[in-house]
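We did not get these values from a lab; they are worked out from the coordinates using the rules stated. What you see is a predicted model, and the numbers here were worked out from it, not measured in a lab. Every residue, glycine as well, gets a Cβ built from its backbone with ideal geometry; the counts of neighbours run over all protein chains shown.
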Amino acid sequence: MTTTDLPAGDARPQAALLRPHAEQQFAAELAALAAQDAAQGSARPPSWVLSPGAVVTYLLGGTTADGTVVTPKYVGPRRLVEVAVATLATDRALLLLGVPGTAKTWVSEHLAAAVSGDSTLLVQGTSGTAEESIRYGWNYARLLAEGPSPAAIVASPVMTAMADGRIARVEELTRIPSDVQDALITILSEKTLPVPELGTEVQAAKGFNVIATANNRDRGVNELSSALRRRFNTVVLPLPAGEDEEVEIVSRRVEQLGRALELPEVPAAMEEIRRVVTVFRELRSGVTADGRTTLKSPSGTLSTAEAISVVTHGLALSAHFGDGVLRAHDVAAGILGAVVQDPVADRTVWTEYLEAVVRERAGWGDFYRACREVSG
C-alpha cells in the first residue's frame with residue numbers, strides 16, 4: 001500500500017482505529033452533556049462546547065437528565081478536577097504535574113475534548129522539539145517561490161488553537177529545551193503570537209488556553225523559568241490514595257483496552273489485579289501493606305499505568321496461549337519486566353521481596369511459584 005492509498009483519518013470508521021481520540025470514542029457522552037447544558041441554560045465560557053460543571057461530570061462520571069451514563073475518565077479528588085477546569089476558564093494556563101503514570105496525558109486529552117471538542121492540537125515535548133513546533137514553520141517551497149506570505153506559513157498546533165479559540169496541549173513540557181519553552185511566554189502573557197517576517201501577529205480568540213504536562217522525575221532536565229512557571233496554574237495529580245481506588249482504575253482501563261484491542265473475551269480476575277496492585281504499591285512505598293516489613297524500592301516508578309499494562313499483557317497471554325482465565329503465571333512475566341529495570345540492583349530487590357513477603361503470604365503460593373519460575 002502506498003501513502004496515496006491510505007484513507008483520511010476522519011474517513012475511517014471508529015471501529016477500525018486502534019485508539020480513537022477522546023472526542024470520537026465518547027462522542028455520545030459529550031453530545032448528551034451538551035444537550036443537558038442547552039436544556040438547563042447552563043452558562044458556558046466563550047468557545048466552550050460544555051459548561052464547566054458538565055466538563056467535571058464528563059471527567060468524573062455521572063448520569064445526564066436523559067439517562068445517559070457518563071463513564072468516569074479519572075478517579076481522584078473532585079476538587080483537583082474542579083480547580084483544573086476553573087483554571088481553563090481564566091487567562092492562566094494549566095500545568096498538570098505528577099510522577100509517571102498518574103494520568104496526566106489522559107486528563108489533558110479529556111479536558112481538551114470536553115472544553116474544545118478537539119484534543120488533537122498537540123505538541124509532544126522531547127529534547128529535539130524545535131521552536132517551530134510551538135510558534136510556526138514555513139513551507140519552504142512556497143517561501144522560495146513566493147517569498148514570505150500567510151500561505152507559506154505552517155501553523156503549529158498552538159497557533160491554530162489561538163486562531164480558533166481552542167485548547168492546545170503541550171506534553172512533557174520539561175523535556176523541551178529551555179530556550180524553546182520560553183517561546184510560550186509571550187503567547188501566555190500577551191495572548192498573541194508575533195509573525196515578524198510579515199509584520200503581523202496572531203491574536204488569541206476567546207476560548208484559547210494551554211494545558212501542559214510535566215513529570216516530577218524530570219526535575220533538573222529542563223527546569224521551567226520563573227517567568228514561564230508564573231503563567232501556569234499547577235495542579236499536582238497524585239497516585240491513587242488507596243488500594244481499592246487503584247484496583248478500580250486498573251480494572252476499568254484494562255476492560256476498555258481489551259475492547260479496543262479486540263482481545264478474546266477473558267474475565268479479568270479481580271484477585272490477580274489486586275495482587276498486581278498490592279505488589280506495586282508495596283514496592284514503591286517501601287513497606288508492606290500491614291506496615292510490618294520495610295522493603296527496598298526498585299528504580300522504576302511502578303505506576304498505575306504500568307499495572308494496567310501488566311494486567312493487559314496477562315490477558316493477552318491467557319487468551320492466546322492459556323486457558324482463557326487470567327492466572328498468576330499470566331501476570332508474572334509482566335511484573336518481572338516492570339520491576340526489574342536495572343538487571344543487577346532491581347533483581348536483588350525483587351528476589352528479596354519474593355522471599356521475605358510473597359513466599360510467606362497466605363494464599364499467594366501460586367503467585368510465588370509463578371514469579372520464581374520466570375525469574376529463573
Q. Taking every pair of alpha-carbon atoms in the chain, what share in percent sits in each 10 Å bin, from 0 to the bin with the longest distance?
A. 5, 20, 27, 25, 16, 7, 1, 0
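For segment 243-375, would you read off the P(r) tail past 17 Å as a percentage of all alpha carbon pairs? Provide the component values of the computation, followed by the final result.
Details: 4876 of 8778 pairs.
Distances greater than 17 Å cover 56 percent of the Cα pairs.
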Q.
How far apart, in nanometres, would the label points at VAL195 and ASP179 be if each is projected 7 angstrom from Cα along the Cα-to-Cβ direction?
A. 2.5 nm
Q: Give the order of TYR140, TYR368, TYR353, TYR58 when sorted by the count of other beta carbons within 10 angstrom, beginning with the fewest.
A: TYR140, TYR368, TYR353, TYR58
Q: Provide MET162, MET270 in ascending order of the number of other Cβ atoms located within 10 Å of each residue's Cβ, fewest first.
A: MET270, MET162
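What's the ranking of 249-260, 62-73 by average number of surrounding C-beta atoms within 10 Å, highest first?
The densest-packed peptide leads the list: 249-260, 62-73.
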Q) What per residue convex hull volume, in Å³, comes out for segment 76-236 when only alpha-carbon positions are used? A) 108 Å³
Q.
Under a crude label model (7 Å from the Cα following the beta-carbon direction), how far is THR71 from SER226 in nanometres?
A. 4.6 nm
